[in-house]
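Read through the structure below, which is laid out as structure tokens, and then see the notes.
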Amino acid sequence: MFLSMVCFMLYGFPVAFSLGAVGLFFGLIGIATDHFTEAFLAALPHRVFGIVSNDILLAIPFFTLMGAILERAKLAEDLLEGTGKLFGAIPGGLAYAVIVVGALLGAVTGTVAASVLTMGVISLPIMLRYGYNQRLATGVIAASGTIAQLIPPSLVLVVLADQLGRSVGDLYKGAVLPAALQVGLFISFILVLSLFKPKLMPPLPKEVRGDLNLRLVAQVLIGVIPVLVLMFLVLGTIFLGLATPTESGALGVVGAMALAAANRRLTWPLLSEAMARTAQLTAMVLFILIGATVFTLVFQGMDGGRWIEHLLEGLPGGQIGFLIFVNIFIFFLAFFLDFFEIAFIVIPLLAPVAENLGIDLVWFGVLICINLQTSFMHPPFGFALFYLRSIAPREVATKQIYLGAIPWLGLQLTLVAIVIFWPGLVTNMLDRGPTMDPADVQIIVPGVGVGSGGGLGQIGGGLGQAPGLGGGAPGLTAPGASGQTGGGLGTPPGLGTPPGLQPATPSAPAPAAPGGGLGGGLGVPPGLQPAPAQ
């Protein structure tokens with residue numbers, strides 16, 4: 001099935017229809033050879049309806065529309081201009097600015113294309129004009145754009161949450177520290193290069209960057225503060241539990257429109273283009289998901305899932321061995337498949353194995369998301385490199401773009417290794433709620449076991465002892481003797497001893513009634529005295 005799917009896509013047939021066609025074709029083969037029952041195909045309408053009615057997937061069009069509006073409102077231009085001048089006096093200043101702005105754009109747009117195209121158009125000509133190395137300039141722009149894949153509100157995390165059956169908010173929380181660490185790795189790389197090879201990234205001339213004064217700082221803050229407010233609308237409401245990811249996406253769209261209107265760039269052509277782009281991407285995602293559900297339904301119906309489980313659970317190294325193998329597999333698979341296709345086809349097959357091995361699926365999802373970033377940086381198929389090639393000047397050779405991506409690809413893989421061996425980087429951000437040891441649980445029934453004389457709560461004295469169960473059960477005594485409260489239903493608290501019932505004295509025992517009695521099971525009726533102890 002996988003080989004047939006690859007052949008379809010290499011031929012150029014659309015991915016969504018390739019998946020559906022391969023699934024149905026092998027389903028018919030399975031029915032003819034008794035490897036598959038047609039009852040599975042009856043579940044297809046329900047699965048398709050479940051996809052189009054999935055509330056989680058509603059976040060995709062909202063976040064896409066928000067990013068499209070901000071991209072066309074040219075928000076990044078103001079940010080890049082201010083931060084470029086702010087850091088321009090030091091070697092690598094423009095590279096620092098690109099990384100910071102890339103992270104901010106990723107936090108409000110969630111799309112790689114918007115970040116790479118915007119920063120490439122604005123920053124790349126300036127970098128090349130003032131002496132930046134071509135490989136360094138193209139590499140830092142492409143890598144900074146891919147931060148949008150990991151930093152919330154990433155579309156990849158939304159899709160992975162749906163496929164793993166976990167909360168989008170949990171995956172967003174788990175991705176915060178890895179995203180911050182990735183930004184730190186990128187900045188550290190530029191810092192080391194600027195110390196040892198400053199000629200690769202010279203500072204901007206004074207006449208270009210201007211003076212470092214309060215006016216420049218205010219210009220940067222004016223560009224950053226609205227972005228931070230929008231980030232709170234989108235992410236803060238999710239983390240505080242004030243809104244679901246879908247609702248926060250709607251808030252983000254409203255915030256993006258308000259921000260564009262404040263900059264006097266909100267026009268009908270802008271909205272029309274943004275909505276057309278959103279409809280196109282949303283339709284693509286849904287069609288791929290419908291095709292993938294046909295493929296996986298037939299694959300699982302032929303016990304392909306069990307085959308995958310037996311294959312991967314036998315890997316040496318337990319959890320770590322499984323994670324290393326899966327990440328190497330996805331790394332090479334990303335040379336040929338888009339991240340949507342990997343998420344919809346491969347992840348449903350790997351998730352049950354991960355759960356059986358005791359791997360936290362939030363940790364697993366964030367780890368896969370970090371790995372899927374590399375699909376945008378793979379030479380020669382990385383989409384970020386395609387985007388950059390489309391807007392780079394002609395003097396920048398494609399070879400330079402590909403070579404420039406390799407060091408940043410290594411930094412992304414370094415983050416994958418860190419998260420594999422340090423899962424707390426993801427899981428420590430999650431709110432697991434209060435935990436309790438089952439051994440400490442006590443069940444208390446109100447009103448039971450309270451009172452004198454062995455009430456309902458005492459064993460052997462509550463409802464009495466069955467005849468013949470050890471120790472000789474007392475029988476019913478002869479009439480006329482004084483009764484006893486012991487061994488009956490007990491004396492209710494505060495009611496005292498019923499009239500006519502007095503405790504028996506050992507000195508005057510009464511003979512037992514013949515035949516063995518009820519033994520104090522229902523208490524002692526008035527006038528009946530218990531038999532003496534044997």
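Quick rundown of the values:
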read-out: Segment 14-121, dipole about Cα centre (Lys/Arg Cβ +1, Asp/Glu Cβ -1), debye to the nearest 20; value: 200 debye
read-out: Nearest-10 value in Å² for the accessible area of MET1, using the 1.4 Å probe; value: 40 Å²
read-out: Most to least accessible of TRP268, TRP408 (protein chains only, probe 1.4 Å); value: TRP268, TRP408
read-out: Segment 220-376, relative contact order [Cα under 8 Å, separation at least 6], %; value: 18 percent
read-out: Given charges at Cβ of Lys, Arg, Asp, Glu: segment 335-417 dipole, positive-most of ALA354, LEU403, PHE339; value: LEU403
read-out: Nearest-20 debye value, segment 266-410 charge dipole, Cβ charges on Lys, Arg, Asp, Glu; value: 520 debye
read-out: Accessible-area value, THR267, 1.4 Å probe, nucleic acids and ligands omitted, Å²; value: 70 Å²
read-out: For segment 1-125, average projected area of the Cα convex hull in nm²; value: 11.7 nm²
read-out: Highest to lowest packing among 303-309, 412-418, scored as the average C-beta count within 10 Å; value: 412-418, 303-309
read-out: Computed accessible area, PHE232, all protein chains, 1.4 angstrom probe, square angstrom; value: 110 Å²
read-out: Too-long pairs where the Cα-Cα distance tops 26 Å, listed order kept, from LYS85/LYS197; LYS85/LYS399; LYS173/LYS197; value: LYS85/LYS399; LYS173/LYS197
read-out: ³J(HN,Hα), Karplus 6.51/-1.76/1.60, whole Hz, each residue of segment 313-325, x for Gly, Pro; value: 6, x, 5, x, x, x, 4, 5, x, 4, 5, 5, 4
read-out: Heavy-atom accessible area order for LEU311, LEU41, LEU385, largest first, 1.4 Å probe; value: LEU311, LEU41, LEU385
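The values are calculated or read from the model by the stated rules, or taken from the named source; none is laboratory data. A quick note: this is a predicted structure, and the numbers were derived from the prediction, not measured. Quick reminder, even Gly has a Cβ in these numbers, built from the backbone with ideal geometry, and neighbours come from all protein chains shown. The accessibility values were calculated without ligands, DNA or RNA, using every heavy atom of the protein model including side chains. Shrake-Rupley method; radii C 1.70, N 1.55, O 1.52, S 1.80 Å.
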